Amino acid sequence: MSIEPFIAFFLIRYLKKCIKDSPQLAKWDQIFSYTTYAIISLFIIDAVLHNNLAIAWIWHALMLVVFWHVFNKEEFTPARPFIVAFVPLVILLIASDLVKTINIDLYHNIENYIGFAYPFAIVWLIAMWIIARKQKKALDKEREIRQQEEQQNKIVAARKAELEELVAARTSELTYQKEELEHALADLKTTQAQLIQKEKMASLGELTAGIAHEIQNPLNFVNNFSEVSVELVQELEKEVSEGNKEEMMAITSNIKQNLQKVVAHGKRADAIVKGMLQHSRVSSGQKEATDINALTDEYLRLSYHGLRAKDKSFNATIKTQFDEQIGKANVVSQDLGRVLLNLFNNAFYAVTDRRNNSVGAYEPTVFVTTKKAGNKIKICVRDNGMGIPQKAMDKIFQPFFTTKPTGEGTGLGLSLSYDIITKGHSGELKVDTREGEYTEFTVIIPAT
């Protein structure tokens, strides 16, 4: 029996392994199945006919077709080294059958030589098979590495796509959040501007009330002395008609005194108006020499009288101690006046609040002192109110923070005052307090 069926069967089975990753696996798998059936059929026929040359040539044709496909199709590249191992053996088989077909006598003469060549073909087959196996292992390892790299690349690509989607989603979210923050910031700025305006209007209202009260006093004197002077003039006319010289001189003296008082109080009202006009003009930010004691005293009275004008029941003891050595300092008088007015109002509010909530004897008192210390000027405003809670101490200069009930403060007074003193005058605004006893704010500004 010929060995060609075993060679063909082995090659077909091995080729199926070589193309397991081929995209045309289904097509070749079907072809190899049909080929296997054909090999089995030829094997049976060959066993019956025994050494039939026609069957032998069919085997040769089948193997040549297999060889041709292996070397012609790219998907069979891994199988080529194995095919090379069978080449000498297949050549011997074809040559032997060819000689048999052409001249049987010639075949018998060279049969021994052909038989002698078979062991060499077997040795070549084994050697090449071993080499081919090593090459296949190397190729399989290389293919495995390449597959791992491709798999890794796919994973990286998938991860990259996932990250890109995540970044895109996050970017979209951040863009939305940015827009929301911009809207919120715009709303906050608008609200802040409105509250600052409200704070300014509140200060203006307090100033107006104080000014009105300050002017009212000299105007009352002017009105009273004017009315008395009119009555005296009427009496003078009567005495003139009667010729009473002594009474005339006495009435004239009284009229003169009254007119002097009218002039004095008129000048007082004029000075108040001029001073307020000077302090109420739009601040240019330009510093000018200002009498600190006079400025402090003026805004202290304005604060007190302003609160008195709004609440007739309001009353507090004011104690002042002004250092006459201070003199004038370069400040923006309107801005510093606004700071002092805010501190005075807070002090009066604190003592009033304690008075309203106090059970025992309590005297609302506000202490205001000025002092020159080296090249610094200190203005202290101290009240004997309830003090500031310790938990609020870190927040009192923050915008919109207030310890007052809702609706009674904007929370911008101390924040604006802090900015005016620290940024506008290169100074300091300090606070010292003891809860339930006192609060003291100290304004420190350069003396020159």
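The values are calculated or read from the model by the stated rules, or taken from the named source; none is laboratory data. Being a predicted model, the structure only gives us computed values, none of them experimental. Here the Cβ positions follow ideal geometry from the backbone for every residue, glycine too, while neighbour counts run over all protein chains shown.
Taking the conditions exactly as written (closer than 17 Å to G427 by Cβ, assigned by TED's automatic domain parsing to the domain that holds L414 and at pLDDT 85 or above), does L336 satisfy them or not?
Here the answer is yes, as L336 does meet what is asked.
Against the definition (acidic (D, E) and part of a helix (DSSP H, G or I)), how does D335 come out, yes or no?
On the way: acidic (D, E): yes; part of a helix (DSSP H, G or I): yes.
Yes, satisfied.
Considering only region 239-251, state which residues are surrounded by 13 or more Cβ atoms within 10 Å (Cβ to Cβ) and more than 19 Å from K261 (Cα to Cα).
Our first condition is that a residue be surrounded by 13 or more Cβ atoms within 10 Å (Cβ to Cβ); within region 239-251, this holds for 239-240, 244, 247-248, 250-251.
Selection gives E239, V240, N244, E247, M248.
Scanning region 301-326 for residues that are out of contact with any strand residue (DSSP E or B) (no Cβ under 8 Å at 6 or more places or on another chain) and outside any helix (DSSP H, G or I), which turns out nearest to A373 (Cα to Cα)?
Keep residues of region 301-326 that are out of contact with any strand residue (DSSP E or B) (no Cβ under 8 Å at 6 or more places or on another chain), which gives 301-303, 305-315, 324.
Those still in the list that are outside any helix (DSSP H, G or I) too: 311-315, 324.
Numbers: D311: 37, K312: 38, S313: 38, F314: 34, N315: 32, E324: 12 Å.
That would be E324.
Results for (1) in contact (Cβ under 8 Å) with a residue 40 or more places away in the chain; (2) under 19 Å from G427 (Cα atoms); (3) over 32 Å from the mean Cα position of the chain (by Cα), shown as yes or no for each residue.
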{"residue": "K372", "(1), (2), (3)": "yes, yes, yes"}
{"residue": "K376", "(1), (2), (3)": "yes, yes, yes"}
{"residue": "V381", "(1), (2), (3)": "yes, yes, yes"}
{"residue": "M386", "(1), (2), (3)": "yes, no, yes"}
{"residue": "K395", "(1), (2), (3)": "no, no, no"}
{"residue": "F401", "(1), (2), (3)": "no, no, no"}
{"residue": "K404", "(1), (2), (3)": "yes, no, no"}
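Among the residues of region 350-402 satisfying the criterion of being of a type in the set (V, I, T) and assigned to a loop (DSSP other than H, G, I, E, B), which is surrounded by the fewest Cβ atoms within 10 Å (Cβ to Cβ)?
Filtering region 350-402 for residues of a type in the set (V, I, T) gives 351-352, 359, 365-366, 368-370, 377, 379, 381, 388, 396, 402.
Narrowing the set further to residues that are assigned to a loop (DSSP other than H, G, I, E, B) leaves 359, 388, 396, 402.
Details: V359: 5, I388: 19, I396: 19, T402: 18.
In this case the residue turns out to be V359.
With the structure loaded, tell me whether L336 is crowded, with 16+ Cβ neighbours inside 10 Å, under 18 Å from L195 (Cβ atoms), in contact (Cβ under 8 Å) with a residue 60 or more places away in the chain and not charged (D, E, K, R) or whether it fails that test.
Details: crowded, with 16+ Cβ neighbours inside 10 Å: yes; under 18 Å from L195 (Cβ atoms): no; in contact (Cβ under 8 Å) with a residue 60 or more places away in the chain: yes; not charged (D, E, K, R): yes.
Judged against the criteria, L336 is not a match.
Hey, could you check region 290-319 for residues that are modelled with pLDDT of 90 or more and of a type in the set (G, A, S) and say which is farthest from N356 (Cα to Cα)?
So the residue we want is A294.
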